[in-house]
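The values are calculated or read from the model by the stated rules, or taken from the named source; none is laboratory data. Small disclaimer: the values here were computed from a predicted structure and weren't measured. For neighbour counting, all protein chains shown are included, and Cβ atoms are generated from backbone atoms with ideal geometry for every residue, glycine included. Areas reflect the complete protein model, heavy atoms only, side chains present, ligands, DNA and RNA absent. Shrake-Rupley method; radii C 1.70, N 1.55, O 1.52, S 1.80 Å.
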Amino acid sequence: MKAEIQVNKEKVISEIDNRLYGSFIEHLGRAVYHGIYEPNHETADDMGFRQDVLDTVREMEVPLVRYPGGNFVSGYHWEDGTGDRAKRPKRMELAWSSVETNEVGIDEFQEWAKRVGTDIMMAVNLGTRGPEEAGNVVEYCNSRTDTHFANMRRENGFEEPFGIRTWCLGNEMDGPWQIGHKTPKEYARTACEAAKIMKWTDETIELVACGSSHQNMETFGEWEETVLREAYEHIDYLSMHEYYGNPDNDTPGYLGCSIDMDNFITKVATICDKIKKEKGSDKDIYLSFDEWNVWFHSQEQDKKVPRWQIAPPLLEDIYNMEDALVVGCLLNTLINHADRVKIACLAQLVNVIAPIMTVNGGKMWLQTIFYPYMYACRYGRGKAMKTEVACDTYSAGGKEAIPYVDCSVVWNEEKDGVTIFVVNRNLKDAVETSFSLAGFEDYKMIEHKVLDHEDMKAVNSPEKPDTVVPREGVGMENGTVTLEPHSYHMIRLKK
Ligand code: AHR
């Protein structure tokens, strides 16, 4: 089988916002406790952060981490995670039926983020709380004024503000499972008033309003329109969330699920443009795909986890080879929509539906999906290039015309580098793929990594962490790369 991919230096989709490669840490399961924080661990630093995890996240160059939830944030009192740790309350955490000790809060998390070298995307509670408390946490984190919450931060030992630029106005407020679930109108009013107070407190911040929790929500569309009509001038982004899975074991259909993500982005962008026109505004609303990943493997086992534990093992999906291909395709879709999607968060980062896993008191290991995400973080910065892919297509899982080859190309002008991310969805045949890179004739290949495995269900584990790991590819010969059946490739060129 053959394919042709054309790129032209003159055809740029958009500069990629670095926040496109964000991730997410929620107070859920073992993400915080035993994930990033484990004071008794042999690698723990002076603040109790696991250095093995911290170093890995730093080396991946994750640019942004959403915090502290997720569903968790909708019942959270941010003050619980500040100040004297001995006085912090232990709480019943209602989103995940767990016990939250509050040993880690924003005071500690901002320090972890600093040590990693990442920015925080902070969510406020619009479930059980409202605009006033949202303004207060912005003051605590960002203000230099001689006023109550800024002084509270100083008293807690932080003279310098945390400088958090990106904020979420609640989480999945359209979902009946959410603490403090709201109708479209209720949320739109609350989000609008919270946005005003938050921006009055710090005019430099950017705000993400909740869109739908996924595109099959009953209120999808109506929700977005209502929120935008109410809050258009006060917000900057609308959120999108979607998780994918293969519960019916239909691998060809599953490998095409990035087409659903593509359609979802187009639909939400169309709604934003419709309301822009209706309002006669010259401002664009951009998209924040701030929860995306594969999530389905752990759903049955989670039903058996006892309630009211501290850091129970929840949402611990073990990812296989086909999940890594899907994550590669989803990343390509985000890159190819970089003109509209400015922020995106792989949900999540450690232990909870995560690329990085830890054993309590033990080693850290990497899942299959770690590799496409890490390569995108490291080598996906720059300009998203328009790619024209000519290849055969197939139908599966209710979708037609799924291209066998899925691709995105990024040009980093400052570093004189081009990165090609490409997935072969064909389960049987290799695809001889020829690249025509007009304007990049003086670029030569410097690296070709391949992630593949004969068994699509192969996984890594603490005992066998190297079952699915990247290998060296044979590279490009006369502009052609052989894409082995069901394989992911990262190819770097340099001038
Ligand atoms: O990421 C896990 C959960 O998925 C988040 O808490 C919630 O926002 C979503 O439903």
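Couple of notes before you dig in:
- For the stretch 199-314, with all protein chains in place and a probe radius of 1.4 Å, 47% of the accessible heavy-atom surface sits on carbon or sulfur.
- Peptide packing: for 453-460, 366-373, 406-413, the average count of neighbouring Cβ atoms within 10 Å per residue gives the ranking 366-373, 406-413, 453-460, highest mean first.
- When each of the peptides 41-48, 433-440 is scored by the mean number of other C-beta atoms lying within 10 Å of its residues, the order from highest to lowest reads 433-440, 41-48.
- Normalised per residue, the accessible area of the stretch 1-135 is 36 Å², obtained with a 1.4 Å probe and no contribution from ligands, DNA or RNA.
- Cut-off 11 Å between beta-carbons: net charge of the residues surrounding GLU278, Lys and Arg +1, Asp and Glu -1: +3
- Whether the stretch 24-134 is rounded, prolate or oblate, judged on the alpha carbon gyration tensor where a/c under 1.5 counts as rounded: prolate
- A full extension of the chain between LYS444 and TRP200 corresponds to an added length of 82.8 nm, given 0.36 nm per residue minus the alpha carbon distance.
- Shape category assigned to the stretch 282-333 from the gyration tensor of Cα positions, a/c cut at 1.5: oblate
- Gain in span if fully extended, VAL12 to ASP273, counting 0.36 nm per residue against the direct Cα distance: 91.8 nm
- For the stretch 415-422, 3J(HN,Hα) per residue [Karplus equation, 6.51 cos²θ - 1.76 cosθ + 1.60, θ = phi - 60°, Hz, x = Gly/Pro]: 9, 6, x, 10, 10, 10, 10, 9
- Heavy-atom accessible area, probed at 1.4 angstrom with all protein chains present, ranks CYS391, CYS192 as CYS391, CYS192, highest first.
- In terms of its alpha-carbon gyration tensor, the stretch 363-495 comes out oblate; a/c meets the 1.5 threshold, while b/c is at least as large as a/b.
- Take the stretch 185-279 with all the other protein chains still there, run a 1.4 Å probe, and you get 41 Å² of accessible area per residue.
- Interchain or long-range residues, amide H under 5 Å from LYS2's placed H: GLU432
- Each residue of the stretch 452-468 was assigned a 3J(HN,Hα) from its phi angle through the Karplus curve 6.51 cos²θ - 1.76 cosθ + 1.60 (θ = phi - 60°); the sequence is 7, 6, 5, 9, 5, 9, 5, 10, 8, 7, x, 6, 10, x, 10, 5, 10 Hz, with glycine and proline shown as x.
- The distance between label points at ASP282 and ALA390 comes to 4.2 nm (points 7 Å beyond Cα on the Cα→Cβ vector).
- For the chain, the antiparallel share of DSSP beta bridges with both residues in that region comes to about 60%.
- The chain, relative contact order [Cα under 8 Å, separation at least 6], %: 20
- Given +1 at the Cβ of Lys and Arg, -1 at the Cβ of Asp and Glu and no other charges, the dipole of the stretch 347-417 around its Cα centre is 360 debye to the nearest 20.
- Rg/Rh, computed from the Cα trace of the chain with Rh as the Kirkwood radius, has the value 0.96.
- Long-range amide H partners of PHE24 with built H, under 5 Å: ARG66, LEU349
- Highest-first arrangement of 10-19, 112-121, 63-72, where packing means the average Cβ count within 10 Å: 63-72, 112-121, 10-19
- Interchain or long-range residues, amide H under 5 Å from SER14's placed H: ALA384
- Karplus (6.51, -1.76, 1.60) ³J(HN,Hα), θ = phi - 60°, over the stretch 324-341, in Hz, Gly and Pro reported as x: 5, 5, 4, 4, x, 5, 5, 5, 4, 5, 5, 4, 6, 10, 5, 6, 10, 8
- Separation of the HIS148 and SER461 label points, Cα + 7 Å toward Cβ, nm: 5.4
- For the cross-link pairs LYS9/LYS267; LYS274/LYS415; LYS2/LYS277; LYS267/LYS495; LYS11/LYS114, the ones whose C-alpha atoms lie over 32 Å apart are LYS274/LYS415; LYS2/LYS277; LYS267/LYS495; LYS11/LYS114.
- Placing pseudo-labels 7 Å out from each Cα toward the beta carbon at LYS494 and GLU472 gives an inter-label distance of 1.6 nm.
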